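Submitted below is the structure of interest, expressed as structure tokens.
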Amino acid sequence: MKLSTPRRWGFRLGLALVAAAFLLPQLWLASISVKNKAGVFEFPPRWLPRDASLANYRFVLTRTQVPWYLWNSAKVAGLATALTLLAGVPAAFVLSRERFPRREAAVHALLAVQMVSPMVLLVPIYGLVAGLRLLDTHAGLVLVYASVQLPFTISVLKSFFDALPASVLEAARLDGASRLRTLWSIVLPLAAPGLAAVAIFDLASYWAEFSLALVLLDSQQRFTIPVGIFSFQSGYETDWHLVAAASFIGLVPVMAAFVLLQRYFVAGLTAGAVKG
Amino acid sequence: MVATLLLLAAAAAGPALGDDALVTPMRVGRADAPLTLSVWAQQDYSHLAARPAIAGIFHDVFREWAATHPGVQLRVSVMPALEQHKAKLLLAAAAGRLPDIASVDSFWMPLFMAGGHVQALNAWWPEADRADFLPFTIQTLSDGAGNVYGVWHGTDCRVLYYRKDLLPAPPRTWAELLEDAGRISRERRIAGYLYNAGRWEAAVFDHLPMFWAQGGELVDAAGRPVFGAPPNRERMLNVLAFLRDTIRSGASPRSVLANNDYQQLTSAAVAGDVAMFLGGSWQLPDLRTGLSASEFAKWDIAPIPQKDAGPEATGTGGWVWVVFARDPERQKAAAEFLLTVESPTNVGRISQITGQLPVRRSVYRDFAFFRDNPWYARFGQMLVHGRARPAVPIYPAISAQLQLAVGYAVSGEKTPERALDDAWRAVQEVDTRQRGAPPPGRRAFDPATLLPVALAMLLALSVLAPLRGRQSGLRAWIAPALLLVSVALVYPMLDLVRLSFTDTRTHGTAYAYTLASFRDLLTDPAFYGMIGVTLVFVASSVVLQLGLGLAIALLIDAARRRGAARALGARLAVVSAWVIPGVLVGVLWRILLVENRAGIVNYWLSLAGVGPLPLLSSATLAMASVIAANTWRGCAFSMILQFAGLQRIPRELHEAADLEGLGAWPRFRMVVLPMIAPVVALNLALITIQTLNTFDLILPLTAGGPARRTEVISLYMYRSAFYELEAGRAAAVAVVMLALNLALAVAAAQALSRPRPAA
């Protein structure tokens, strides 16, 4: 159906308004981050500050631990994602392709447990990690992250595996391929886009995770980006232009990844919820 | 883009750049030094301070220390938030993981002294040098036997800052203050008087001098709370009534309820928005650097106004370096480090920047900055009337409850009487509990702790065991996932239930099995308030996210179907908000909503003629702000789900609707809604769970304030467990949350399994 010009512009305006509502706050953060202390309180507020400089970024990147927070986040998120997939892929494959007793019960249990937020379990998880002597280590964090995200990961992977054509697998079986070989050379290549979606979704969740990292880490050197930036708000006085610069640095990797990989992001987001 | 490049450059260069430097963010000292000491520094008292000037001076001081101490290196950490600093130290003490050196607020000392964790410094600290310190700093930190347990680093006092050009003379009494401030706010349209009334320590401590000057006492000689009983009750009521009157009389704006750091006071002063504020001595340098010389000349300080003109009073605080290291070699190195940092010269240099008042007498004598500066002479005089908070274990509980009382009284939500009596009752309960608590120490062995372990193992085995014969090969495929889930998910769930029936503390003291946690919770009026807050937050967020998400999805879908625009940009924009970590969303919205006229949202509101509004300090608006921030972040999830749902509506249906000439609403109701109903149901369950467990966004945005008006169940649980260290009570709250989570999960599962209309 051809649209009349006013209606076409109506749609464009509507979309532009939506985009503005979600982008302007982020642009304001960027604006604050290149201001100096006086500029932050300038009245009337300016979007393009008079003497914009990258001094805040220089300070944050050279005099604070923010670069290490980024590294820590990358390391923890990467390792946790690897562990999640390593444990999750075989389990999801078996749950999808094999028939065995208690399988149905296990699938239902997974669906229920994946909804439980780790937030609820902060106290016992703290006790557990303390008991394992893994407080204030990235290993402890990785272990917990991978565990709490596994049910979701497995159920999404399972739905991807379920959707693969049975004939391909049947052919593999007739060829006498082992289960491992089937998974490695047939299933994984076919399910690669789904696998990528899950991996990216897990990475993003780990990158953003706050409450567990806050509770399980003590040494600032080991903080991840959310906890590190939270600690930028001082108890006595907060320099918002520095907080803004630090926050913006925290956003950049996620945004970059998101722009590059948004197709997978969205797939990961929908996959767990809306199945085929 | 520039930021990305910078970031990459720094990420590559950062760790390498530090190798030959003596002071890097990660290490102080030579990388090859054999002895490594861990240091937990105060937020504004190390080279990691988030404020460049302070970071700079410590950079210099630490480098000089490092140059003369090649055998020692330091790992310095700063804890997020002051409350966290204390809680983390207590948890570390319990786990035997205390750092070698730490900075503690002086009023926390009894907590650490009681555990025998703090080490005496006499052996390394010459008597003559100790004599240079202000006497109270040594006395407070000594035991009966003459052992000194810490090096006080800087003190402060609270004063009234006021504009000389607006006030010929500073008010001495509350009545004068209310009158002056009321007049100025009416005539000048700026805040007459600002102070801290947000939910944090300063809301109480800043006002204690008003209570002390009337002869009020918080605790008796034995350390038991007495502030709510006659004659102290009357005195505390006077203070609360005065605070209420600051709002009623128009002397102060309601935004004081959102003041939860001193920066908000400084920035109001720098912005020319306030005539008087109750602040701290350390704010002076900020005013001086923030204001032009001519503007700064308008400011002066005066003693805190009191109920009646009479005795002055101010509160003095201060931080203390303590050594936890038990090994003599480490102790010696630690003491040497502290005494270098706190040498007379360094104390002078550091205090000059931090604005703290030095505690070394020689600094006032030998350092021109302090000797000749009239401001410091006057702070020094005020310090004479200074009083520290009582160093008793119950003080944190008193402060926590009085913070709420201040919030309630100022917001007018409770009368001062109600607010005080509620706080008094709560503190007495804590006191009874603390005194009735079993002596510290770990419970020897509790067989009940094995129950959750056994159950989790049984559950795991019940999946693995039936895999026999040909299927036994499957075990290896499932076992890793099963192990992880059993250990770090199922076991904690079961253990949570056990913990909820105990009165255990997070730092693992002895405990007993009891229903007290649930009973206390159910009889605590604050619990129901918090449930109410949670319901409003969750219901509004969910409805808005779903509604807006659906609206945006419909808009994009309609635009796309008609070829108006591909709408990729709008979709990306919405989802970009969703990928931002929650904490950053909180920080971002805090910056947007900041309550001075330079805050962007308030600026727009005032352009529109409806602002500025107390967006974070009024109970209603703060809730609205938190909901708005959460909706902003969460919309994307609903939008994507709904959009996916809309894509599955066959084109023919839309074409049929077009042929029928169906209007927008009938089309939505008759064509769209039936098709996406299952997705909506699922979406509803998912975002309800997400919202129910959200606190990362709220913590930086309002921290649950004003008073408790944005404290949702998850924040309440987190606070109970990791600020107040009441693990048993937190577990009871978490069990309630767990039940809600699982109930919603079942609802979601049903929405999923419901047969979809054929496509």
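The values are calculated or read from the model by the stated rules, or taken from the named source; none is laboratory data. It should be emphasised that the depicted structure is a prediction, and the values quoted were computed from it without experimental measurement. Because the Cβ atoms are built from the backbone with ideal geometry, glycine has one as well, and the counts that use them run over all protein chains shown. SASA here: full protein model, heavy atoms, side chains in, ligands and nucleic acids out. Shrake-Rupley method; radii C 1.70, N 1.55, O 1.52, S 1.80 Å.
Averaged across orientations, what area in nm² does the convex hull of the alpha carbons in the protein assembly as shown project?
43.9
Another question, then. Translational diffusion coefficient of segment B:676-733 at 20 °C, 1.002 mPa s, Stokes-Einstein with Kirkwood Rh over Cα pairs, in µm²/s as a whole number.
Stokes-Einstein gives a translational diffusion coefficient of 169 µm²/s.
Show which lysines lie in cross-link reach of B:Lys298 when reach means a straight Cα distance below 20 angstrom and same-chain residues fewer than eight apart are skipped.
B:Lys164
Just the Cα atoms of segment B:543-593: what Rg and Dmax do they give in Å?
Taking only Cα atoms of segment B:543-593, I get Rg and Dmax of 13.6, 39 Å.
Taking +1 at the Cβ of each Lys and Arg and -1 at the Cβ of each Asp and Glu, which of A:Leu111, A:Ile125, A:Asn36 sits farthest along the dipole of segment A:15-149 towards its positive end, judged by Cα position relative to the Cα centre?
Selected residue: A:Asn36.
Regarding segment B:185-254, what is the average projected area of its C-alpha convex hull, in nm²?
5.4
Please express the shape of segment B:478-622 as an equivalent ellipsoid: the semi-axes are the square roots of 5 times the eigenvalues of the C-alpha gyration tensor, given largest first in whole angstrom.
41, 28, 16
Right, next: For segment A:54-115, which trypsin sites (Lys or Arg not before Pro) pass both filters: DSSP loop (anything but H, G, I, E, B) and at most 10 other C-beta atoms within 10 Å?
Those that pass, being in a loop and sparsely packed, are A:Arg99.
Ok, one more. Hey, got the Cα dimensions of chain B along the principal axes, in Å, largest first?
Largest first, chain B extends 91, 74, 60 Å along its Cα principal axes.
Right, next: How tilted is helix B:232-248 with respect to the longest principal axis of chain B? Cα atoms for both, answer in degrees (0 to 90, nearest 10).
The helix B:232-248 is inclined about 60 degrees to chain B.
Can you work out D for segment B:18-148 in µm² s⁻¹ from Stokes-Einstein, where Rh is the Kirkwood radius over C-alpha pairs, the temperature is 37 °C and the viscosity is 0.692 mPa s?
201
Now, a different point. Quote the charge dipole size of segment B:639-746 about the Cα centre in Debye, to the nearest 20; the model charges only the Cβ of Lys and Arg (+1) and of Asp and Glu (-1).
200
To the nearest 100 Å², how much accessible surface do chains B and A cover up together, summed over both, with a 1.4 Å probe?
12000
Mind listing P(r) for segment B:567-667? All alpha-carbon pairs, 10 Å bins, whole percents.
Each 10 Å bin holds this share of Cα pairs: 13, 29, 26, 17, 13, 1.
Cα to Cα, under 27 Å, and not fewer than 8 places away if on the same chain: which lysines meet these conditions relative to A:Lys158?
Qualifying lysines at Cα under 27 Å: A:Lys75, A:Lys275.
List the aspartates and glutamates whose alpha-carbon lies under 17 Å from that of B:Lys88, not counting same-chain residues fewer than 8 positions away?
Qualifying aspartates and glutamates at Cα under 17 Å: A:Asp136, A:Asp218, B:Asp100, B:Asp105, B:Glu724, B:Glu726.
Which value results when the Cα radius of gyration for segment B:160-307 is divided by 2.2 N^0.38 Å?
The reported ratio for this selection is 1.07.
Something else about it: What is the angle, in °, between the Cα long axis of helix B:328-341 and the longest principal axis of the Cα atoms in chain B? Nearest 10 is fine, range 0 to 90.
Helix B:328-341 sits at roughly 80 degrees to that axis.
Kirkwood Rh and Cα-based Rg: tell me the resulting Rg over Rh for segment A:87-156, rounded to two decimals.
Here Rg/Rh amounts to 1.05.
Please report the projected area of segment A:1-104's Cα convex hull averaged over all directions, in nm².
Average projection, Cα convex hull of segment A:1-104: 15.3 nm².
Right, here's the next one. Compute, for chain B, the length of the dipole vector about the Cα centre, with Cβ point charges of +1 (Lys, Arg) and -1 (Asp, Glu) only. Units Debye, rounded to 20.
1960
Follow-up question, since we're still on this one. Once the convex hull of the C-alpha atoms of segment B:655-699 is built, how many Å³ does it hold per residue, rounded to a whole number?
Cα-based convex hull of segment B:655-699, divided per residue, equals 93 Å³.
Only sites in a loop by DSSP and with at most 14 other Cβ atoms within 10 Å count here; which GluC sites (Glu not before Pro) in segment B:243-329 make the cut?
Filter output for segment B:243-329: empty list.
Just name one of A:Val66, B:Gly71, B:Phe369: the one whose Cα is farthest towards the positive end of the charge dipole of the protein assembly as shown (beta-carbon charges, Lys/Arg +1, Asp/Glu -1).
Result: A:Val66, furthest along the dipole toward the positive end.
With every protein chain kept in the model, how would you rank B:Tyr364, B:Tyr511, A:Tyr206 by accessible area, 1.4 Å probe, largest at the top?
So the residues, ranked largest to smallest area, are B:Tyr364, B:Tyr511, A:Tyr206.
Could you give the C-alpha radius of gyration of segment B:603-712 expressed as a fraction of 2.2 N^0.38 Å, taking N as the number of residues it contains?
So the Cα radius of gyration is 1.49 times the expected 2.2 N^0.38 Å.
A further question on this structure: Quickly estimate the mean residue ellipticity at 222 nm for chain A, helices only: each DSSP H run with n ≥ 4 gives -39500 (n - 2.57), and the total goes over all residues, rounded to 500.
Rounded to the nearest 500, it is -23000 deg cm²/dmol.
Then there is this: Given B:Val538, B:Leu257, B:Thr506, which one lies farthest toward the positive end of the charge dipole of chain B, if we put +1 on the Cβ of every Lys and Arg and -1 on the Cβ of every Asp and Glu?
It is B:Val538, whose Cα lies furthest towards the positive end.
If eta is 0.692 mPa s and T is 37 °C, what Stokes-Einstein diffusion coefficient results for segment A:126-262, Kirkwood Rh from Cα pairs, in µm²/s?
Answer, rounded: 181 µm²/s.
A further question follows. Using the scaling law 2.2 N^0.38 Å as the reference, what is the normalised Cα Rg of chain A?
Ratio of Cα Rg to 2.2 N^0.38 Å: 1.25.
Which value, in debye to the nearest 20, gives the size of the charge dipole of chain A about its Cα centre, when Lys and Arg are +1 and Asp and Glu are -1 at the Cβ?
740
Given the DSSP H assignment, sum -39500 (n - 2.57) over each helix run of at least 4 residues in chain B and divide by its residue total; what's the result at 222 nm in deg cm²/dmol, nearest 500?
Helices in chain B give a 222 nm mean residue ellipticity of -17500 deg cm²/dmol.
Taking segment B:316-397, how much of its Cα-Cα pair set, in percent, is spaced more than 21 angstrom apart?
Here the long-distance tail beyond 21 Å is 45 percent of all Cα pairs in segment B:316-397.
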